[in-house]
Structures are given as C-alpha cells and as structure tokens.
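Participant: Attaching a single structure in structure tokens format; questions to follow.
Read-outs: derived from the displayed coordinates by stated rules, not from any lab. Keep in mind that what you see is a predicted model, and the values were worked out from it rather than measured. Backbone-built Cβ (ideal geometry, glycine too); neighbour counts: all protein chains shown.
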Amino acid sequence: MASNGKRNTTVSADMNYFAPMIGTGKMYAEAKVLKSGKTISVSEVDIFDESGKKRAKGTFTCFALE
C-alpha cells in the first residue's frame with residue numbers, strides 16, 4: 001500500500017468485516033492514501049460486493065525502508 005516505488009514494511013494493519021463475503025460473487029476494492037510522508041504512509045481500503053454494499057474496511061500503516 002502507498003509504496004510510491006519504495007520498499008515498505010507494515011507497521012500496522014487493521015481489517016474490519018461488516019458482512020460475510022462467502023457466496024457474494026465479485027468483490028471490489030477502493031483504496032486511498034491518507035498520508036504519504038517521507039518514511040510513513042497510511043492508507044485505507046473499502047471492500048464492496050457487486051450490489052455496492054460495503055463488506056469490509058481496512059487501514060494500513062507502512063514504513064519506507066529506503
């Protein structure tokens with residue numbers, strides 16, 4: 001997430017599931033970078049089913065190794 005061409009390691013990852021995903025067909029994800037600093041980046045991702053219902057949300061913090 002938010003690599004910007006850099007090697008990263010995960011500082012923290014949090015995923016919350018709002019509804020089951022088994023048997024829902026195709027799933028879609030929308031991700032956005034909340035902060036992209038020199039060494040730390042924070043991103044979030046929302047996961048939706050085919051009908052547009054939000055099934056999960058995740059937040060990820062990464063540390064740039066370069």
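Participant: Identify the residue in the stretch 18-66 that is β-branched (Val, Ile, Thr) and within 12 Å of the chain's Cα centre (by Cα) and, among all such residues, is surrounded by the fewest Cβ atoms within 10 Å (Cβ to Cβ).
Facilitator: Initial filter on the stretch 18-66 (β-branched (Val, Ile, Thr)): 22, 24, 33, 39-40, 42, 45, 47, 59, 61.
When the remaining residues are screened for being within 12 Å of the chain's Cα centre (by Cα), the result is 33, 42, 45, 47, 59, 61.
Working: 33: 12, 42: 17, 45: 15, 47: 20, 59: 15, 61: 18.
Looking at the filtered set, the residue picked out is 33.
Participant: Now, a different point. For the stretch 33-66, enumerate the residues that are part of a strand (DSSP E or B) and either among the polar types (S, T, N, Q) or in contact with a Gly (Cβ under 6 Å, 6 or more places away or on another chain) (or both). Write out each step before concluding.
Facilitator: Kept after step one, since they are part of a strand (DSSP E or B), are these residues of the stretch 33-66: 33-36, 40-49, 54-64.
Hits for the stretch 33-66 are 36, 41, 43, 45, 59, 61.
Participant: For the stretch 6-15, enumerate the residues that are surrounded by 11 or more Cβ atoms within 10 Å (Cβ to Cβ) and not aliphatic (A, V, I, L, M). Walk me through how you get there before you give the answer.
Facilitator: Step one: of the stretch 6-15, the residues surrounded by 11 or more Cβ atoms within 10 Å (Cβ to Cβ) are 6, 8, 11, 13, 15.
Once the filter is applied, which keeps residues that are surrounded by 11 or more Cβ atoms within 10 Å (Cβ to Cβ) and not aliphatic (A, V, I, L, M), the stretch 6-15 yields 6, 8.
Participant: Inside the stretch 15-32, can you point out the residues that are in a loop (DSSP other than H, G, I, E, B) and of a type outside the set (A, V, I, L, M, F, W, C)?
Facilitator: Listed by number, the residues that qualify are 20, 23, 24, 25, 26.
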